[in-house]
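The values are calculated or read from the model by the stated rules, or taken from the named source; none is laboratory data. The model shown is predicted, which means the values in this text are computed figures rather than measured ones. Please note: Cβ atoms are built from the backbone with ideal geometry, for glycine as well, and neighbour counts cover all protein chains shown.
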Amino acid sequence: MGLCHSVDRKEPGETSTTASTAEEDILGSGRWRPPRGYKGGGEIEGTQQALDRLISNGSSKVACLYTQQGKKGTNQDAMLVFENFCSRADTVFCGVFDGHGLFGHMVAKKVRDTLPSTLSTQLKLASESEQSGLVNEEEEGQRSESVTTTMAEQWCELNPNGEQLPEMCLPLKHALLKSCQQIDKELKMHPTIDCFCSGTTSVTLIKQGEDLVVGNIGDSRAVLATRDKDNALVAVQLTIDLKPDLPSESARIQKCKGRVFALQDEPEVARVWLPNSNSPGLAMARAFGDFCLKDYGLISVPDINYRHLTEEDQFIILASDGVWDVLSNKEAVDIVASAPSRSTAARALVDTAVRSWRIKYPTSKNDDCTVVCLFLQDSSNVVKDSLREDSVESVSISKKEEEIVAVKEESIPKSCGIESKMMTLTLAECISVAQDDEEWSALEGLTRVNSLLSIPRFFSGELRSTSWRKWL
């Protein structure tokens, strides 16, 4: 069984110019100066905030983000928080991108850098077209042929319940679909990033006021934390993990002559295979890049959903599959809610996921883990709610005497040692107590699940170049 992994080296396509594509598109022809701590190859030390854009470990007033490299090699995840998106104070754009394949880290960062600017341009063009009232019949016909006819069956209805949608939803949906199509086309033509057997997932959200639009490509996930009628936190999954074994995804792949099956040693992981070759074995049904499978059912069309936010909605978690492979939606929500502060919530979730890998899969190498947390309520309201919950938890009701009796700390025996101390701490606080420098030799074992198993063997030399022209 082949394993496709990335090598930790500086590629020719990863220069400061490539990593700053989004900024250059916004700033125009002016020369962009790399910030202090910027390294060639797209590596960034500390938190970079350029034009309200966060792409590395850090936090702001409304969001926090954190990523940690796994044991498979180069960290192929990328993340983004873009406040004041499209020059609107009430709009935030967030995204998590999980790369795979030899150049997956480059593909993930390329999509992260180009998607916001491309989407912003599409929205601006749509707005100008609407204001002018002019419709170009030729462009409309091309759009209908290249986008509508090929994607109409794959779009996710934004209003499955028949509810009336705000005006921003439909233009944003069309803009996001066109942006993803354009970016995938640019990846195919990219001169230095080989995307033939490399790609990335993408889970993104655009929050504008109380309106939320989520787009998903692949198996990264978005989860909303909201409160029920009893004021308890519940987890609501906003996206569907687009795996090859989903009936609709499998039917499309098989219709395009692709194959979907799982290997005997991992029967729970369905993969996409070429018609006449047991490769590449991609563990998702949609992705940017991976052009070796684009003729066989793999698509880069986002699954788009809309939700109207309310006062009960607290925060949203975007995370790569390295987190969701070991933690449930409810566990992730509880960890973020119990974090010591908003700025440490993403790291608390990542640290917990890494430790869960060690416990659940001790012979496996843990995957890269990336988390973006977007908080929907003011911090003042969160403090009030936490104080009210603490006051409720600090007392217990005696059933016999129907009296309120304070819980005594002595009720926990001191002889229990460290385990008893852990019982008095929240899950997020336990993370800070644990030793980060402890050895774990079992992590040097085999990888549990790889997004891409092997690179297909294609023609060499002249024949290969001929086959590439088919994609262009």
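Taking the condition of being under 14 Å from Val350 (Cα atoms) and touching a Ser or Thr at 6+ places or on another chain (Cβ under 6 Å), how many residues in the range 59-91 meet it?
Within the range 59-91, residues that are under 14 Å from Val350 (Cα atoms) and touching a Ser or Thr at 6+ places or on another chain (Cβ under 6 Å) number 4.
If you scan the range 87-102, which residues turn out to be among the hydrophobic types (A, V, I, L, M, F, W, C) and modelled with pLDDT under 95?
Across the range 87-102, the qualifying residues are Ala89, Leu102.
Out of Val354, Val350, Val371, which single residue is assigned to a strand (DSSP E or B) and either touching a residue at least 40 places away in the same chain (Cβ under 8 Å) or of a type in the set (Ser, Thr, Tyr) (or both)?
Within the list Val354, Val350, Val371, the selection yields Val371.
What are the residues in the range 294-318 that are in a helix (DSSP H, G or I) and not acidic (Asp, Glu), if any?
Lys294, Tyr296 - these are the residues of the range 294-318 that are in a helix (DSSP H, G or I) and not acidic (Asp, Glu).
Filter the range 236-274 down to the residues that are assigned to a loop (DSSP other than H, G, I, E, B) and either among the β-branched types (Val, Ile, Thr) or under 15 Å from Asp290 (Cβ atoms) (or both) and list them by number.
Thr239, Ile240, Leu242, Lys243, Pro244, Cys256, Gly258, Val269 - these are the residues of the range 236-274 that are assigned to a loop (DSSP other than H, G, I, E, B) and either among the β-branched types (Val, Ile, Thr) or under 15 Å from Asp290 (Cβ atoms) (or both).
Here's a check for you: in the range 332-346, which residue that is out of contact with any Phe, Trp or Tyr (no Cβ under 9 Å at 6 or more places or on another chain) and not small (Gly, Ala, Ser) is surrounded by the most Cβ atoms within 10 Å (Cβ to Cβ)?
Top of the filtered list is Ile335.
Quick one: in the range 315-331, which of the residues that are of a type in the set (D, E, K, R) and either within 18 Å of Asp368 (Cα to Cα) or out of contact with any strand residue (DSSP E or B) (no Cβ under 8 Å at 6 or more places or on another chain) (or both) is surrounded by the fewest Cβ atoms within 10 Å (Cβ to Cβ)?
Ranking the qualifying residues of the range 315-331, first place goes to Glu331.
Of all the residues that make up the range 72-98, how many are over 22 Å from Leu376 (Cα atoms), under 18 Å from the mean Cα position of the chain (by Cα) and surrounded by fewer than 24 Cβ atoms within 10 Å (Cβ to Cβ)?
2
Would you be able to say whether some residue in the range 252-275 is closer than 23 Å to His308 by Cβ and surrounded by 21 or more Cβ atoms within 10 Å (Cβ to Cβ)?
No; the residues of the range 252-275 include none that is closer than 23 Å to His308 by Cβ and surrounded by 21 or more Cβ atoms within 10 Å (Cβ to Cβ).
Among the residues of the range 325-335, is there at least one that is modelled with pLDDT under 95 and of a type in the set (S, T, N, Q)?
no
Can you tell me which residue among Asp194, Asp184 is surrounded by fewer than 22 Cβ atoms within 10 Å (Cβ to Cβ) and within 23 Å of Ser279 (Cα to Cα)?
When all the criteria are applied, what remains is Asp194.
Could you tell me which of the residues Leu177, Leu165, Leu205 is more than 18 Å from Phe97 (Cα to Cα) and of a type outside the set (Ser, Thr, Tyr)?
Leu165
Only residues that are closer than 25 Å to Arg227 by Cα, more than 17 Å from the chain's Cα centre (by Cα) and either surrounded by 17 or more Cβ atoms within 10 Å (Cβ to Cβ) or not acidic (Asp, Glu) (or both): list them for the range 364-384, please.
Listed by number, the residues that qualify are Leu376, Gln377, Ser379, Ser380, Asn381, Val382, Val383, Lys384.
Give the residues of the range 347-363 that are surrounded by fewer than 19 Cβ atoms within 10 Å (Cβ to Cβ) and among the small types (Gly, Ala, Ser), sorted by residue number.
Ser356
Considering Leu212, Leu242, Leu165, Leu176, which residue is touching a helix residue (DSSP H, G or I) at 6+ places or on another chain (Cβ under 7 Å), more than 24 Å from Ala270 (Cβ to Cβ), surrounded by 14 or more Cβ atoms within 10 Å (Cβ to Cβ) and of a type in the set (A, V, I, L, M, F, W, C)?
When all the criteria are applied, what remains is Leu176.
May I ask you to list pairs of residues, at least six apart or on different chains, whose Cβ atoms are under 6 Å apart, with the first in the range 218-231 being over 25 Å from Gly289 (Cβ atoms) and the second being loosely packed, with under 15 Cβ neighbours inside 10 Å and among the polar types (S, T, N, Q)?
Qualifying pairs under 6 Å: Val223/Gln237.
Would the range 319-340 turn up any residue that is assigned to a strand (DSSP E or B), of a type outside the set (S, T, N, Q) and out of contact with any His (no Cβ under 6 Å at 6 or more places or on another chain)?
For the range 319-340, residues assigned to a strand (DSSP E or B), of a type outside the set (S, T, N, Q) and out of contact with any His (no Cβ under 6 Å at 6 or more places or on another chain): present.
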